[in-house]
Amino acid sequence: MIDRRQMLALTAAAGAWPLVGRAAEDRAGLVDPFIGTDGTGHTFPGPSRPFGMIQPGPDNAASGWEYTSGYQYRAPRILGFSQNRASGTGIPELGDVLLQPCLDRREDLASSYAKASEVARPGYYAVTLADNGVRVELTSSLRSAFHRYRFARSGRVWVLVDLQHGLTFRTDRQPVQSVANTFSADGFEGEALRQNWTSRHVAWSAQFNRPIAEVETLPPRAGDAAPRYLLGFDLGEDATLQVRIGLSTTDRTGARRNRDERGGWDFDAIATESRSEWSALLDRVRIDAPAPQQRILATALYHLFLHPSVVSDVDGRWRGPDGKLRQVTKGLRYSTLSLWDSFRAANPLYTLLVPERVDDFVSTLLDHCDAAGRLPKWPIWGGETGTMIGEPALPVIADAWAKGFRGFDGKRALAAMVATSTRDAKPLYPGDDSLSVWSIYDRYGYYPFDLVAGEAVSRSLEAGIGDAATARMAAMLGETVLTHRFDARAAGWRQLIDPETRLARGRDSKGHWRTPFDPLAPTSPLNNPGDYTEANAWQYTWTPALHDTRGLIEAWGGKAGLKTMLDRFFFGLPATKGAEYLGQEAMIGQYAHGNEPSHHIAWLYAFTDSPETGHRLIARIAHDFYRDVPAGIMGNEDAGQMSAWYIFAVLGFYPVDPSSGTYVAGVPLVRRATISVPGRRPLVIESCGTGDRLRAVRINGQPLPPTRIPHNKLATGGRLVFEL
């Protein structure tokens, strides 16, 4: 096991690594967008603006779990370049309006490419299609994609326009329920209704910098519901063609306005603007560290800031989950909210690093509730997927209010939280079995495994997270009755702690424990019936610590009992059982860093008399499971959550209780870090001493409680010192 002292020795070793200091200005140059593109990270190398609506990029395949972003680093062929996608998810979606340039007509326009020809950096992607004789370059503004094609010769060239294409988890092509498309002299516009992960409306408007010389409609393939075209262009000696594309959830007018938000054909200027925007945002966190660690951190920040994605048009319109158009009068609205993942660390990190966006994030959740009657679980492109369990929007709202954000109506927010916590959710699709069914939960205080389709223990424990968040929000607003109601409900997890094993175990409607009971066997929606979500009993039992750490410690007999359980979890159990199941990746004992239910567990050593064990584990996780290579993220990136964990680990604290407005101290993985947010006093973080056990945490000379560091103390800036 590598411990923190070894990591700091690597950092400080004279001549071992060049230190990148404050003088470096181009922070975007530290980012490697290929990190996470090989294996299970599911990230993509194409360009995007921070929190951008549009992400043009290469698609190696249209379906399959491996291609949720459309891309895998080792894939040998590129089908074409679609205009939007999500980073690191477990289900594929989007991938709209695929274009593929080529010199000549061919039946199959997919092309091989040399990896050496592929370039990716913030705001820019390029590759040479060997079979098609063209160099493809991509960049983007906030809402529009820009392509530049440099062909091997002048004359007549072709561009495939595939409106059927879309990223899908199905074995064939993404279903298109309706589609319309029209051509002009230099472009095309249209819209479609698609049904894949969610039902969504997409509109597009594309304009070329050359007139279209010929339009050929390709014969439909079996199962196609949308057309494919070959567009011919006659190029001069420079043999270059450009296209800019706008997408929208609203209509063609919205797509056209989004297309023209930047305007012009100066591709290089747009790419430079994007790189500058990324550099300014990435400059909010600086560390003194070796070059590889600098790249890992900068790329983690880059991935963190890809989502949520802006979904409102230039004119403020957007389409909500009810299919109706809405108008934003102030700010932006977002989608691609991987809430079951991001509420744990990504959303708390946004409050620290991009506070100017937090009010709009929450307002997005509340607008969604107005449209759908409840807060979202996992929205994308303005629609609701209903994916995962619990009500993860609740802690996001409570955390923002606890940290002093007041750009949204607190009473409106509480009303949305109560509605989401009391109204039975309606199935979004046949077999939708991850719903909050409060009529069952309120009757028993947990979900009996004989009354729900699966994941009964996980759903019960996650309900407690939302209940605690709602109780806290009510308390902050002086609503005493609601506070007591949801506080009492949040304690329901205690009914599932089996006194024999001290683990969270399924119970039926008569109170009988699940038998037989194998606490190491993971279950998930892929192998239900089972009581856990992408995890087993050992991994999910730690969930109450996300809102009632003290209660869980008491249930195990105090600090000594907590340490005994932690030691067994990390060091006394095998790491191999169930490794073939989803979520069992990046293992230490039964700790699975590749999936979110484990993310807070190593930090719980801070509540024992041996916090240094947790410090060593956090350093080991950061060292072993985050690397400066394409396979450098082990487990789905999940729209920023995996990266957020790493960033917090480097800084030395973590939101174990993510709706409390507080953090738990670890030990920074660097000697010095600086958080600089415009309009705020910088926060300088320093690690002092040579040991690996935390003695004290101080801000501006004043001591802080290491297991409950107030966010507002950090937001005011100054000097945060970890004394060893």
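No lab work stands behind these numbers, since they all come straight from the coordinates. Everything quoted here is computed from the prediction, not taken from an experiment. Every residue, glycine as well, gets a Cβ built from its backbone with ideal geometry; the counts of neighbours run over all protein chains shown.
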### Query
Mind checking which residues of region 221-245 are in a loop (DSSP other than H, G, I, E, B), among the small types (G, A, S) and either under 18 Å from H147 (Cα atoms) or out of contact with any strand residue (DSSP E or B) (no Cβ under 6 Å at 6 or more places or on another chain) (or both)?
A222, G223, G236, A239
### Task
Look through A120, A126 and report the one residue that is surrounded by fewer than 24 Cβ atoms within 10 Å (Cβ to Cβ) and without any contact (Cβ under 8 Å) to a residue 60 or more places away in the chain.
A126
### Query
If you take the residues in region 474-521 that are farther than 15 Å from V418 by Cα and of a type in the set (V, I, T), which one is surrounded by the most Cβ atoms within 10 Å (Cβ to Cβ)?
I497
### Task
Looking only at region 363-380, decide whether some residue is surrounded by fewer than 24 Cβ atoms within 10 Å (Cβ to Cβ), part of a loop (DSSP other than H, G, I, E, B), touching a residue at least 60 places away in the same chain (Cβ under 8 Å) and touching a helix residue (DSSP H, G or I) at 6+ places or on another chain (Cβ under 6 Å).
no
### Task
Can you confirm whether region 668-676 contains a residue that is over 15 Å from D288 (Cβ atoms) and either within 25 Å of the chain's Cα centre (by Cα) or surrounded by fewer than 16 Cβ atoms within 10 Å (Cβ to Cβ) (or both)?
no
### Task
Residue by residue through region 407-438, note down the ones that are among the basic types (K, R) and touching a residue at least 24 places away in the same chain (Cβ under 8 Å).
K411, R412, R423
### Task
For region 327-347, enumerate the residues that are surrounded by 19 or more Cβ atoms within 10 Å (Cβ to Cβ) and over 14 Å from the mean Cα position of the chain (by Cα).
L332, R333
### Message
Which of the helices (runs of 4 or more DSSP H) found entirely inside region 246-345 contain at least 1 residues meeting this: in contact with a helix residue (DSSP H, G or I) (Cβ under 7 Å, 6 or more places away or on another chain)?
### Response
267-282, 291-304, 339-342
### Query
Considering only residues of region 542-561 that are of a type outside the set (A, V, I, L, M) and in contact (Cβ under 8 Å) with a residue 60 or more places away in the chain, which is surrounded by the fewest Cβ atoms within 10 Å (Cβ to Cβ)?
G551
## Note on the structure
Going through region 60-116 in order, the residues found to be closer than 20 Å to I633 by Cβ and acidic (D, E) are E66, E93
### Task
Give the number of residues within region 197-220 that are surrounded by 12 or more Cβ atoms within 10 Å (Cβ to Cβ) and not in a strand (DSSP E or B).
8
### Task
Please go through region 372-404 and pick out each residue that is of a type in the set (D, E) and over 30 Å from N712 (Cβ atoms).
E384
### Task
Working only within region 433-468, note down all residues that are of a type in the set (G, A, S) and under 20 Å from G530 (Cβ atoms).
S434, S436, A453, G454, A456, S458, S460, A463, G464
### Task
Would you be able to tell me the number of residues in region 128-178 that are within 27 Å of G264 (Cβ to Cβ), among the β-branched types (V, I, T) and not in a strand (DSSP E or B)?
0
